[in-house]
1. Please work out which residue is farthest from residue 387 (Cα to Cα), limiting yourself to the range 402-433 and to residues that are among the polar types (S, T, N, Q) and in a loop (DSSP other than H, G, I, E, B).
2. Restricting attention to the range 201-224, and to residues there that are assigned to a helix (DSSP H, G or I) and touching a strand residue (DSSP E or B) at 6+ places or on another chain (Cβ under 9 Å), which single residue is surrounded by the fewest Cβ atoms within 10 Å (Cβ to Cβ)?
3. Among the candidates 239, 270, 229, 249, which residue alone is aliphatic (A, V, I, L, M) and closer than 12 Å to residue 121 by Cβ?
4. I'm trying to understand the selection: among the residues of the range 84-124, which are surrounded by fewer than 20 Cβ atoms within 10 Å (Cβ to Cβ) and of a type in the set (S, T, N, Q)?
5. Do we find a residue being in contact with a Gly (Cβ under 8 Å, 6 or more places away or on another chain) and surrounded by fewer than 17 Cβ atoms within 10 Å (Cβ to Cβ) anywhere in the range 511-529?
6. Wholly within the range 277-334, which strands (runs of 3 or more DSSP E) include no fewer than the required count, namely at least 2 residues that are over 30 Å from residue 462 (Cα atoms)?
7. Could you tell me how many of the residues in the range 415-474 are among the β-branched types (Val, Ile, Thr) and over 22 Å from residue 345 (Cβ atoms)?
8. Here are 151, 173, 111: which of them is touching a Phe, Trp or Tyr at 6+ places or on another chain (Cβ under 9 Å) and over 26 Å from residue 339 (Cα atoms)?
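The values are calculated or read from the model by the stated rules, or taken from the named source; none is laboratory data. Owing to the predicted nature of the structure, the values given are computational and were not obtained by experimental measurement. Because the Cβ atoms are built from the backbone with ideal geometry, glycine has one as well, and the counts that use them run over all protein chains shown.
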Amino acid sequence: MTMMVAVRAIAATTARSVVRSTRLPLQSPSLYVFAQRKSHSHTLLIRQMSSEAPSVVTRLQSSGLFRSQGLIGGKWIDAYDGKTFKVHNPANGEVITNVPLMGKRETDDAISSAHDAFKSWSKLTAADRSNRLRKWYELLIAHKEELGQLITLEQGKPLKEAMGEVTYGASFIEFFSEEAKRVYGDIIPPTLADRRLFVLKQPVGVVGVITPWNFPLAMITRKVGPALACGCTVVIKPAELTPLTALAAAELSLQAGIPAGVVNVVMGDAPAVGDAILASSQVRKITFTGSTAVGKKLMAGAAGTVKRVSLELGGNAPCIVFDDADVDVAVKGAIAAKFRNTGQTCVCANRIFVQEGIYEKFADAFSKAVQSLQVGDGFGEGVSLGPLINEAAVQKVEKFLQDATTKGAKVLLGGKRHSLGMTFFEPTVLTDVKNDMLLSREEIFGPVAPLLPFRTEEEAIALANDTNAGLAAYIFTNSIQRSWRVTEALEYGLVGVNEGLISTEVAPFGGVKQSGLGREGSKYGLDEYLELKYVCLGNMGSN
């Protein structure tokens, strides 16, 4: 496999919502009733939403965080050949701005800048790096509102969720600003009396950081925080769909006193940028969040220079509701696990297994809760679900639904594009789903909740583990004994018990099987950016 082949798929993986929102009615298996909006009303809503974007951009520009150039060696630059590409608002398809279409030359220069900066950044005291990271955290929090608006503008998620992402993303910078002072080595008892044995921990070097569009801030800070804490420098390649948040975060890193060249951002031609990162001997590690298919190709491409690789890849999360569970707790947890970010997260509940004894009761309560979710523009009041990221995402959801209904699944709620148009999709609940349907085998990445019945605990575990993925899982039960048995039996890196939102900066995040390599967050996240060096001092027994 050539490096170019290995990175071409990056473009595919790093490949809309109106101010007014609507609620969905329940649909019986035999009847679907939905009041279609008149075309002229829809046009008025789109115009209303369109007027929001310029005001947001104006506010962001006045804050100094609306950057539209790449960052190399502390300087904001355009593509060397002057080429640009458009960044769109997924809610209405309008162009937010143009950013540089960078490629190999710009990436090579960014790598060189990071390599040069590494020499001094890695030599700073841990306390110095800690103080600068702390300042970066404080600036992120101080600009929470502007950053949240920017995330909603280019990614589409509801503003409340976007601001929550800022808090969540900033927490990694805060946590690792503190952990920077706790990169401890070891003293090993020697086997010979005249020797002294030590283990040093040293930064791995320049890190290539490739991030997705669904969490345009948090996926950067979760990787860059520990890298900088350890003394590494970074070249960030954000998703083409959401580069503006990365640029704003980088601007704040400069304001925090992080030296030029420590944080670099290039975007544009994904194959060219990825190829340069893979080919460079100066890049010693790649960290990637995205699809499993691309992760495998990056692993193969990294082999040419034997780079270290951290991968956070796709999931197929089971959510198991046992008949002894508190149904209200289970519904609330399943809603949170399934529908945040419009179902566009790698830890979303992809399959909801419900024990037969409460299947009908849960399906009814769950559907009523889903019915209350409001679809609309992320800036709208009370909106729960924004748009899907692009047309390709909608077509994927439609493909999965067609496969499921053809094979016998029934649509209880939703099931099609929303009347708001663009890439809005109705929150959907399916019953009579089987584990061999496409939406049970692959990541949905959309607002579709399949409900699958099961009889016994053993059957639930077998169904949940029947996948190549192993990122997140959720179980709902009031039995402590069962919670331990099932947790230990599930082949997943993360397990939530009676809770649907479980990620935090203080705990390790990562998967098993084909969901990735390594862990992010927590004290274990530091290890991904450190090399161990064994030192033996001999002849220590004489003067």
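1. The residue in question is 419.
2. Step one: filter the range 201-224 for residues assigned to a helix (DSSP H, G or I), giving 218-224.
Among the residues that remain, those that are also touching a strand residue (DSSP E or B) at 6+ places or on another chain (Cβ under 9 Å) are: 219-220, 222-224.
Values: 219: 30, 220: 25, 222: 28, 223: 27, 224: 31.
Top of the filtered list is 220.
3. 229
4. Answer for the range 84-124, where residues must be surrounded by fewer than 20 Cβ atoms within 10 Å (Cβ to Cβ) and of a type in the set (S, T, N, Q): 84, 97, 98, 112, 120, 122.
5. yes
6. Correct list: 283-289, 308-312.
7. Narrowing the range 415-474 to residues among the β-branched types (Val, Ile, Thr): 423, 428-429, 431, 433, 444, 448, 456, 461, 467.
Those left that are additionally over 22 Å from residue 345 (Cβ atoms): 431, 456, 461.
Of the residues in the range 415-474, 3 are among the β-branched types (Val, Ile, Thr) and over 22 Å from residue 345 (Cβ atoms).
8. Testing whether each residue is touching a Phe, Trp or Tyr at 6+ places or on another chain (Cβ under 9 Å) and over 26 Å from residue 339 (Cα atoms) leaves just 173.
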